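Reading through the structure tokens given below for one structure.
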Amino acid sequence: MKDLIGQFATQYVTDLEGQLDHGYGQRSIQNPVLFLFIGDKSMEALQSVCEINERKWQNSQGVLYVHAYNEETWEHPQVCNCRLPKRESDRQTMRAVMYEQFTEDESLIMDINQLMKQVSIRVAEMGKLFASFQQVNIAVVTRSNDPANVLLPELTLLLKSYLQEMFKNVSADLYVLLQEKSGGDGFGFSSALGVQFLEEVDQYQCNDYRFRADLMVTEDGIKLPVAHTHGPLFSLAYLLSDKTEQGLFLDGGLAENDELISNLVLLNNKEAETTIIESSEGYNKLQFIRSITVDSGKATFSSAGLSKVKRPTHAIALTVLAAVFDRYWERLQEGDSLPKTKAREKLGLTANDLQRMVSSVLPDDDILTEMNGLMTSGVSYSELSSMNLREAELALFDGNSQRFFESHFVHQARKQLDSLTGKQTLAPLIVREIIEDERYGLYAAYQLTSELASGANLLDELRTGIKETQRQLEQAKAELDDIYQQRADQQELRVGGFFTRDKERVRTFVRHLFAKVYDKQAEILEWELTLQLLVDYEQQAKQLHKRIGENVEQLEGLQKQLRAIAQKSVREAADYLGKNMDEYYESVVMETIRSQEAQRGNGFYLDPRYIGNGSLLFQHGISGLLERLCIFCRTEILTRSPFALSFEAELLARANVAAAYDNRTVLTKEDLFQDLSLVLEERAAVHTEVFHFLQKHRYEEKYWFADINNDFVQYVLRETEGTRTYKQGCIHEAGKSGIEKMNVMGGFGLEDLMYYRNNKKYHSSYMESGYVFHRQGKEELS
């Protein structure tokens with residue numbers, strides 16, 4: 001059931017976002033982008049970034065990904081896998097040995113050359129998917145503690161060299177993932193690796209950095225140099241941690257940087273804004289680079305933070321589902337109770353109904369008439385005269401009369417009754433007459449069959465019938481005993497005169513005996529069969545109550561489960577966005593149902609065309625009912641206008657739902673926007689902790705990814721106009737229903753970075769202990 005509930009919510013999210021974002025052109029990057037993920041530790045980021053790009057970028061099918069790995073990679077049509085040397089087991093020299101193996105393995109270098117050449121050709125072939133084909137951007141992503149990043153310059157510059165054969169302008173940006181939340185095994189070694197890599201990147205980003213090595217190799221083994229002269233290796237180097245600049249760990253860990261990487265790559269490669277938007281400043285990569293560059297020529301780094309808001313659609317769907325079910329279950333329990341006098345009547349269990357059923361299974365009276373033809377033993381009438389009727393019957397037939405009656409009358413009647421009760425069980429009657437009757441329903445059937453029911457109580461009615469039938473049965477049996485005790489010579493019958501033959505007198509007596517005794521035995525049989533019916537129905541009613549009780553427990557359990565899942569989803573939504581979720585949507589659901597009831601009639605949803613009144617649950621189980629509930633919500637509730645509000649309109653309506661009840665001042669749109677602006681700014685804190693007292697060069701820009709015509713966006717752009725100390729703009733996405741805010745900050749150096757300051761001691765200690773982390777090779781670099 002949990003899967004079914006989750007599928008319902010997911011489908012609603014997809015459908016609604018499709019409606020709200022109708023006409024919203026997906027983001028597009030203007031020029032080709034090639035991602036280079038280095039190391040096994042970057043594989044999860046590769047998968048996530050690829051999925052995010054596929055979902056958000058219109059021309060994502062033109063983006064390629066290279067994964068340089070040691071042991072483990074990911075197969076995907078747009079991923080090109082580049083095998084690196086295997087990691088050594090000796091951690092002391094692992095990183096240095098990997099670099100040494102790479103430089104000495106000519107076969108490996110040739111294979112990598114072939115791959116890089118193929119990749120450059122594939123990128124060029126994708127040109128028609130981009131507005132500009134003059135430049136290409138390489139986005140290099142790696143974990144700071146991955147030994148494979150020792151090959152960062154070689155892999156980046158080799159790839160860049162082949163791309164320069166295809167494109168006029170090739171740029172590269174670096175995205176380094178820093179894991180600070182590491183309390184398990186290997187935290188010291190991991191931190192030492194991270195510090196080593198950052199010191200190398202600090203060197204790569206200096207204004208006087210140079211590199212030269214014979215890395216390009218043709219199929220004939222001819223080597224060509226790969227060179228980089230006088231300048232930072234990367235246009236921008238982003239350091240993205242699992243910790244914010246306030247020192248708080250991110251809930252989602254390093255994975256929260258994946259969408260941030262996608263947005264940064266988009267920002268650096270987006271199409272230029274075609275129109276001038278008042279109060280919105282456009283992003284300019286070159287201007288950002290100049291703004292964070294320091295005169296000393298030392299390396300400077302950047303970071304960023306991302307926050308986003310959308311209608312909490314998933315939580316809304318689950319809250320609505322729970323609210324609709326609450327109303328449905330409440331309505332089931334409001335079903336009328338059957339009056340006592342109607343319970344047995346409606347179910348065909350009155351005395352007349354039972355008598356009619358019993359009469360229908362009794363053999364014809366001709367069977368009793370046939371008994372008169374039974375052979376007698378030859379006893380004379382004068383001998384019978386001294387006996388009572390029991391003795392006379394035994395003397396005449398020696399038990400054959402009783403056996404005949406049992407065989408031809410009793411046995412046949414019981415057999416017919418068993419057949420009848422097998423066909424006419426109580427369950428279908430309850431379903432048809434109670435559960436499927438919109439006036440009563442499942443809960444009324446539950447109450448009817450309960451031991452402690454108020455109002456009509458079927459068990460009480462049946463047990464009353466059982467007691468009365470037992471009394472009548474005992475009375476009939478006593479009357480039969482009285483009959484058998486009567487003397488034969490005291491019977492009122494005409495046996496003829498003196499000349500009547502004895503045989504005729506005996507035959508007249510037999511007819512009188514059978515009529516008197518077996519009519520009463522037939523009556524006793526009727527009471528026994530009636531009692532059998534009542535006892536059988538009593539057992540069926542108890543079993544039926546147990547079965548219906550299980551359904552009621554399932555309904556109560558489903559109610560709790562729906563409520564728990566909805567509340568969990570609300571908690572998982574941002575705190576501010578989850579405000580008043582229950583109160584607002586319960587009222588919206590009630591109003592929506594009331595408006596439909598005005599058109600279709602009270603409790604219309606109990607109709608089998610919609611959810612049904614419980615018979616589906618009784619016959620097919622809770623999953624069938626839940627499925628119909630989901631369909632009803634999706635087609636009859638969530639399609640209504642209150643569920644298609646824009647993000648701001650929905651949030652404002654929900655914020656004010658309780659104002660009338662609590663006599664609170666209604667939250668104005670401006671108040672709401674101010675609160676939301678503060679929340680988004682707080683959650684867009686950059687993902688790097690820096691030492692503020694030492695940071696001399698801090699430059700910030702803030703960008704909104706939203707529809708520029710959005711009221712909230714217009715508010716935040718105007719609010720700080722003329723007073724802000726940072727650059728702010730909106731990346732216009734027409735028709736977009738949600739809002740994203742990205743803060744970009746740069747200008748800090750390696751010594752400003754708290755990660756570096758905190759972990760430098762591990763690096764120094766490992767180096768002093770004989771660990772070798774640095775590169776040792778023949779390339780020319782400085």
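Just a few scattered comments:
- Relative contact order (%) - criterion: Cα under 8 Å, at least six apart; region: the chain: 20 percent
- Remark: segment 54-66, residue by residue, has Karplus-estimated 3J(HN,Hα) of 4, 7, 9, 9, 5, 9, 5, 5, x, 9, 10, 10, 10 Hz, where x stands for each Gly or Pro and the curve is 6.51 cos²θ - 1.76 cosθ + 1.60 at θ = phi - 60°.
- Cα centroid separation, segment 154-200 to segment 454-490 (Å): 96 Å
- Normalising by residue count, the chain has a Cα convex hull of 263 Å³ per residue.
- Placing +1 on the Cβ of every Lys and Arg and -1 on the Cβ of every Asp and Glu, with no other charges, gives segment 412-478 a dipole of roughly 420 debye about its Cα centre.
- From phi via Karplus (6.51, -1.76, 1.60), per-residue ³J(HN,Hα) for segment 220-226 in Hz, x at Gly/Pro: 9, x, 6, 9, 10, x, 10
- Per-residue Cβ neighbour rank within 10 angstrom, fewest leading, Glu751, Glu281: Glu751, Glu281
- Taking other Cβ atoms within 10 Å as a rough exposure proxy, Glu650, Glu383, Glu768 sort from fewest to most as Glu768, Glu383, Glu650.
- Dipole axis of the chain (+1 Lys, Arg; -1 Asp, Glu on Cβ), positive-most option in Leu178, Phe130, Ala685: Phe130
- Residue by residue, segment 429-437 carries 3J(HN,Hα) couplings of 5, 4, 4, 5, 8, 10, 5, 7, 7 Hz when phi is fed to the Karplus relation 6.51 cos²θ - 1.76 cosθ + 1.60 (θ = phi - 60°); x denotes Gly or Pro.
- Which of Cys80, Cys633 has the fewest Cβ neighbours within 10 Å, and the rest in rising order: Cys80, Cys633
- All other residues whose Cβ lies under 10 angstrom from that of Met745 are scored, Lys and Arg at +1 and Asp and Glu at -1, for a net of -1.
- With helices as the sole contributors, the chain gives -16000 deg cm²/dmol at 222 nm; each DSSP H run of n ≥ 4 counts as -39500 (n - 2.57), and the sum is divided by every residue.
- Averaging the sequence gap over all C-alpha pairs within less than 8 Å and six or more residues apart, then dividing by the number of residues, gives segment 337-560 a relative contact order of 32 percent.
- Restricting segment 391-439 to trypsin sites (Lys or Arg not before Pro) in coil, as DSSP defines it, with at most 15 other Cβ within 10 Å: Arg439
- Segment 696-767: trypsin sites (Lys or Arg not before Pro) in DSSP loop, at most 15 other beta carbons within 10 Å: Lys696, Arg698, Arg724
Where a number appears in this text, it was derived from the coordinates with a stated rule and is not lab data. On a predicted model such as this, the values are computed, not experimentally measured, just so you know. Cβ: placed from backbone, ideal geometry, glycine included. Neighbour counts: every protein chain shown.
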